[in-house]
1. Test of understanding: among Tyr53, Tyr26, which residue is aromatic (Phe, Trp, Tyr), in a helix (DSSP H, G or I) and at pLDDT 90 or above?
2. Can you name the residue in the stretch 1-59 that is in contact with a strand residue (DSSP E or B) (Cβ under 9 Å, 6 or more places away or on another chain), over 19 Å from Tyr161 (Cα atoms) and among the aromatic types (Phe, Trp, Tyr) and is also surrounded by the fewest Cβ atoms within 10 Å (Cβ to Cβ) among such residues?
3. What about Ile163, is it in contact with a Pro (Cβ under 9 Å, 6 or more places away or on another chain) and in contact (Cβ under 8 Å) with a residue 40 or more places away in the chain?
4. Taking the conditions exactly as written (assigned to a loop (DSSP other than H, G, I, E, B), surrounded by 12 or more Cβ atoms within 10 Å (Cβ to Cβ), on the phi < 0 side of the Ramachandran plot and at pLDDT below 95), does Tyr64 satisfy them or not?
5. In the stretch 130-158, what count of residues is obtained for those that are among the aromatic types (Phe, Trp, Tyr), more than 13 Å from the chain's Cα centre (by Cα) and closer than 22 Å to Val69 by Cα?
6. Of all residues in the stretch 133-161, count the ones that are part of a strand (DSSP E or B) and at pLDDT 95 or above.
7. List pairs: first residue in the stretch 1-30 and touching a residue at least 12 places away in the same chain (Cβ under 8 Å), second residue surrounded by fewer than 16 Cβ atoms within 10 Å (Cβ to Cβ) and assigned to a loop (DSSP other than H, G, I, E, B) anywhere in the structure, Cβ distance under 6 angstrom, at least six positions apart or on different chains.
8. Can you name the number of the only condition in (1) closer than 19 Å to Leu164 by Cα; (2) within 15 Å of the chain's Cα centre (by Cα) that Leu127 fails?
Amino acid sequence: MQGSYLFSGIIQRLTNSVWSHVAVIYKDEELERILILEAEPYADIRMIPLSNYLKDYKGKRRSYKGQMVIAKLKEPIEDMRLNRGISFGLDALTKPYDNYEIFRIMIRILFHISKRERNRSYICSELVRDIFAKSGVIIRYYDTYISPDNIWSDNRFEYKYRIL
């Protein structure tokens, strides 16, 4: 996602990218719902209908301010591995968003210090990285943090649609 919010701009500047957010889309065929599994500041890890982004973002009766695109892995993941990743994401629901990680990333970028320590909190790109890792897809990154741009730049993903 390419947000037009203050927090989005901070992430875009820190990571030198147009992308400020990343999430996993989960389509439930039986319920006929498209859901977004994401780590969101002040909302923690949550699953919300895609329609909330399109029509009622944060309860304000308007769409998300910014661009949303959908990318997909070029090679499908076998069902057993895919379910393992989805289950991991569902088990992470309500775990806290790591509000301080953005600050720590900024310090690491500016001073090239302090590798991240594992904790029970997430930022969006860490959650997506770990969901895919549980599915057997390792997303590589070459710094002390993973950003939405690292996921977008992975050539195993391909752009499918722009929805906003």
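The values are calculated or read from the model by the stated rules, or taken from the named source; none is laboratory data. Computed from a predicted model, the values in this text were never measured in an experiment. FYI the Cβ positions are ideal-geometry reconstructions off the backbone, even for glycines, and counts take in every protein chain you see.
1. Unique residue meeting the criteria: Tyr53.
2. Tyr42
3. So Ile163 fails the test.
4. yes
5. Within the stretch 130-158, residues that are among the aromatic types (Phe, Trp, Tyr), more than 13 Å from the chain's Cα centre (by Cα) and closer than 22 Å to Val69 by Cα number 2.
6. Taking the stretch 133-161 and keeping what is part of a strand (DSSP E or B), we get 157-161.
Checking the rest, the ones that are also at pLDDT 95 or above come to 157-160.
Qualifying residue count for the region: 4.
7. Every condition considered, the pairs that remain are Gln2/Val18; Ser4/Lys65.
8. Just one mismatch for Leu127, condition (1).
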